[in-house]
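All of the numbers you see were taken from the coordinates with simple rules; none came from a lab. No experiment lies behind these values; they were computed from the predicted model shown. With ideal geometry, Cβ positions are generated from the backbone for all residues, glycine too; neighbour counts draw on all protein chains shown.
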Amino acid sequence: MYNSFDNPGLVKVLTFLQTHNTEYLSGQDLSDVLKISRVAVWKHIKKIQELGYTVESKQKLGYKLTSNSDELFPWEITSGLKTKVIGQQSYYFDSIDSTQNQALKMAGDPANNGAVIIAAKQTGGKGRSGRKWVSPKGGIWLSIILQPKFDISITTLFPIASALALSNALEKTLKISPELKWPNDLTIKGKKVAGMLVDVSLESNRIKNMVLGVGINFDVDVKHIEKILKGSSNFYGVASLSEQKNKIKPIQLVQTFFVELEKIYELLNTKQTKKIVSEWTKRSSTIGKNVELNTRDGKIKGKAIKIDEDGALVIADNNKINRIIAGDIIHLSK
Ligand code: BTN
């Protein structure tokens, strides 16, 4: 596990190599400038190479960084991150059962507000309604700890607002407009590219903390995941961002998402829910469609008309209006 506060020596060497990547830097120069021993410089460079960065080493000339790692290491996340809280602390795991489980363990500590848990792969990834979330290497799997100020009544809008934030980030970075499927799925041509999972902890009618789990199929083997999930409930196909024409680095998407999420979070804190509802509706593939969902009291069918300010989906069936607060819907047709 790597976090944003350990390894200051390694981060110093790496940052210096990254900002001087057009020249060779001698071990002695690095040692003098960074005020660490030559042995320490050498050890850090070895570790940096192990982490997936390419550092060329030439006798008499020294070291030169020729390529960066694509892993979402804490120091990569914080470097140039334009947020106040979200992502300013992070924890990176090569492999973990579920970032959500890890974040839930840490969520009660006030010092962890805005902290992010990231994993290169998850062995027990969790989806909504107790489903499994297939999380191989290549995806973006993260959970964000939040200790919000907003009212408990906003809780149900939060997942919807978070999906909107991710959609905004994808528009900005990849120049694509994913569709938003109620409540919090992002789809491309009707197939799921990302999902959100929110766990809320309440205390005497106020929110103690929340954990937002985000799964993004960034560069995954779609066929492989579809094979595993086929036949399971709420399965309607998988999409991967790697199928898009434009290419970006995962770090660009993650940093932009954190900025967009913080903006949305501010809107929620200041009760500007109308704006979120209208922006979500513009991008929604659900509104206007005939939908169906299973409830404990049987099937509900009808036309999805709108979402209310608390995020509930309003469905009309002849003259009957149903307000759905949670659940999984199936899109039937226009
Ligand atoms: C969904 O069912 O649509 C929600 C999927 C959420 C998956 C993410 S991946 C990171 C975090 N850790 C988990 O175990 N689940 C969430």
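Residue pairs, Cβ under 9 Å, 6 or more apart or interchain, first in region 307-325 and under 15 Å from N184 (Cβ atoms), second among the charged types (D, E, K, R) and part of a loop (DSSP other than H, G, I, E, B). List them.
As it stands, the answer is I325/D310, since those pairs meet every condition given.
Here's the yes/no breakdown for (1) within 13 Å of the ligand (Cβ to nearest atom); (2) among the charged types (D, E, K, R); (3) out of contact with any helix residue (DSSP H, G or I) (no Cβ under 9 Å at 6 or more places or on another chain):
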position: D70; (1), (2), (3): no, yes, no
position: K82; (1), (2), (3): no, yes, no
position: Q89; (1), (2), (3): no, no, no
position: N101; (1), (2), (3): yes, no, yes
position: G108; (1), (2), (3): no, no, yes
position: G125; (1), (2), (3): yes, no, no
position: S129; (1), (2), (3): yes, no, yes
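Just to verify a result, which residue in region 235-284, among those that are within 24 Å of G127 (Cβ to Cβ) and surrounded by fewer than 17 Cβ atoms within 10 Å (Cβ to Cβ), is nearest to the chain's Cα centre (by Cα)?
Restricting to residues being within 24 Å of G127 (Cβ to Cβ) and surrounded by fewer than 17 Cβ atoms within 10 Å (Cβ to Cβ), the top hit is S242.
Does P136 satisfy being in contact (Cβ under 8 Å) with a residue 60 or more places away in the chain, within 13 Å of the ligand (Cβ to nearest atom), crowded, with 19+ Cβ neighbours inside 10 Å and of a type outside the set (D, E, K, R)? Full working, then the answer.
Values: in contact (Cβ under 8 Å) with a residue 60 or more places away in the chain: yes; within 13 Å of the ligand (Cβ to nearest atom): yes; crowded, with 19+ Cβ neighbours inside 10 Å: no; of a type outside the set (D, E, K, R): yes.
For P136, the condition - in contact (Cβ under 8 Å) with a residue 60 or more places away in the chain, within 13 Å of the ligand (Cβ to nearest atom), crowded, with 19+ Cβ neighbours inside 10 Å and of a type outside the set (D, E, K, R) - is not met.
Which condition number in (1) among the β-branched types (V, I, T); (2) buried (at least 21 other Cβ atoms within 10 Å of the Cβ); (3) touching a helix residue (DSSP H, G or I) at 6+ places or on another chain (Cβ under 6 Å) is the one that I216 fails?
Tallying (1) among the β-branched types (V, I, T); (2) buried (at least 21 other Cβ atoms within 10 Å of the Cβ); (3) touching a helix residue (DSSP H, G or I) at 6+ places or on another chain (Cβ under 6 Å), I216 fails exactly one: (3).
Count, please, the residues in region 17-56 that happen to be free of Cβ contacts under 8 Å to residues at least 40 places away in the same chain, among the polar types (S, T, N, Q) and either surrounded by 14 or more Cβ atoms within 10 Å (Cβ to Cβ) or part of a helix (DSSP H, G or I) (or both).
Final tally of qualifying residues: 5.
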